[in-house]
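To keep things clear, I will list the structure first and then write my remarks on it.
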Amino acid sequence: MIKGLWDRETVALVLVAAHLPLAGFWLVYAAPGSLARLALVILVLAIWQLVFLLARAQPATLASGVTALVIAMLAPEDLGTFQLILGISFGTVVGELIFGGWGRNLVPPATVALSFLGFGFPGLDWPEFVAPVAWAALPAAAIGLLFGVMRPGVLLGAALPLAAGVAAGLLPLATAQTAGLVLVLLVADPATSGATPLGRWLNGLLYAGLVTLFATGWTGAADVQLCVAAALLTALTVPLLDEAALSLWYAQRRRRHGRN
């Protein structure tokens, strides 16, 4: 039997390719030591992939390359090596590997790792990004949309309200740029974003609403911190959004065709 072109690893490969422009801009503008941090994250993820490969015959995935980039970019600064390894391990095991690997998880492992690090080490500073790095999310989103691994509903459902919030003065431009970066890196993950057309729009809208709410009511929170928190809550709510979308579709179908 010949497998189709689009399998799990093809999607993962396209995701990695989509994030390459973003990774390039980040490495150009990143602080010294960022490349070493990225290498450490890749190494820890590879070790855990190997452990689950040997223990459960669970295949590794190229999607861990995106996870490594996200953690290296968004993790709090000045983390010790042990703290970073602990956060990576918690995120990849609890967020992905115990569910059977990427594609079966409910929340992106990077979101779990970043949330764990934020809750566990609250005194550390979160990174800030210059405008070229934030705007580099646009080509990443364009590649993802072109090859169908990122959904228009998720991206537009978040981008339009964020732009409206900036225009209305509710959201600082820097916060909106960071929110767009996190949108592409975390929220638009095809394995954990909305699975239904309506669910995808609700996915994006909820993320944008939470970012705006946190930006106006969370005193002292860094932009990355509040965006990661919004991404976590959104990912946890996505199954409910899809269930609501399906329930609405079934109700409309019954009205049109009667009980079936």
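The values are calculated or read from the model by the stated rules, or taken from the named source; none is laboratory data. Please read all numbers here as calculations on a predicted model, not as lab measurements. For neighbour counting, all protein chains shown are included, and Cβ atoms are generated from backbone atoms with ideal geometry for every residue, glycine included. Accessible surface is based on the protein model in full, side chains and every heavy atom, while ligands, DNA and RNA are left aside. Shrake-Rupley method; radii C 1.70, N 1.55, O 1.52, S 1.80 Å.
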Seminar exercise, completed: So the compactness index of region 138-260, its C-alpha Rg divided by 2.2 N^0.38 Å, takes the value 1.14
For this session: Using a 1.4 angstrom probe on heavy atoms only, work out the carbon and sulfur share of the accessible area of region 1-137 in %.
Result: 72
Exercise. Can you work out the FRET efficiency for the pair Phe99 and Leu27, with r the C-beta to C-beta distance and R0 = 25 Å, to the nearest 0.05?
Worked result: 0.25
Problem set entry | Rg/Rh ratio calculated on Cα atoms of region 162-220 (Kirkwood radius) | 1.00
Exercise. Given a 1.4 Å probe and every protein chain left where it sits, what share in percent of the accessible area of region 176-254 is carbon and sulfur?
Worked result: 65
Exercise. Are there trypsin sites (Lys or Arg not before Pro) in region 28-128 that DSSP puts in a loop and that have at most 16 other Cβ atoms within 10 Å, and which ones?
Worked result: Arg104
Problem set entry | Where GluC sites (Glu not before Pro) in DSSP loops with at most 16 other Cβ within 10 Å are excluded, longest remaining stretch of the chain | 129-260
Problem set entry | Surface accessible to a 1.4 Å probe, Thr219 within the full protein complex, Å² | 130
Exercise. For region 1-147, what size does the Cα cloud have along each of its three principal axes, sorted from largest down, in whole Å?
Worked result: 52, 36, 24
Exercise. When Rg is the radius of gyration of the Cα atoms in the chain and Rh is its Kirkwood radius, what does Rg/Rh come to?
Worked result: 0.98
Exercise. If r is the Cβ-Cβ distance from Thr219 to Ala57 and R0 is 45 Å, what FRET efficiency results, to the nearest 0.05?
Worked result: 0.40
For this session: Assuming a ≥ b ≥ c are the square roots of the Cα gyration tensor eigenvalues, decide whether region 123-199 counts as rounded (a/c under 1.5), prolate (otherwise, with a/b larger than b/c) or oblate.
Result: prolate
Exercise. Taking θ as phi - 60°, what are the ³J(HN,Hα) couplings along region 109-114 by the Karplus curve (6.51, -1.76, 1.60), each to the nearest whole Hz, with x for Gly and Pro?
Worked result: x, 5, 5, 5, 5, 5
For this session: Quickly work out the Arg256-to-Ile47 label distance, labels modelled 7 Å from Cα along the C-beta direction, and quote it in nm with one decimal.
Result: 5.4
Problem set entry | Accessible area per residue in Å² at 1.4 Å probe, computed on region 1-117 | 48
For this session: Distance from a point 7 Å along Cα→Cβ of Ala174 to each backbone N in region 203-243: keep the residues under 20 Å and list them by number.
Result: 211-230
Exercise. Taking N as the number of residues in region 44-93, what is its alpha-carbon radius of gyration divided by 2.2 N^0.38 Å?
Worked result: 1.19
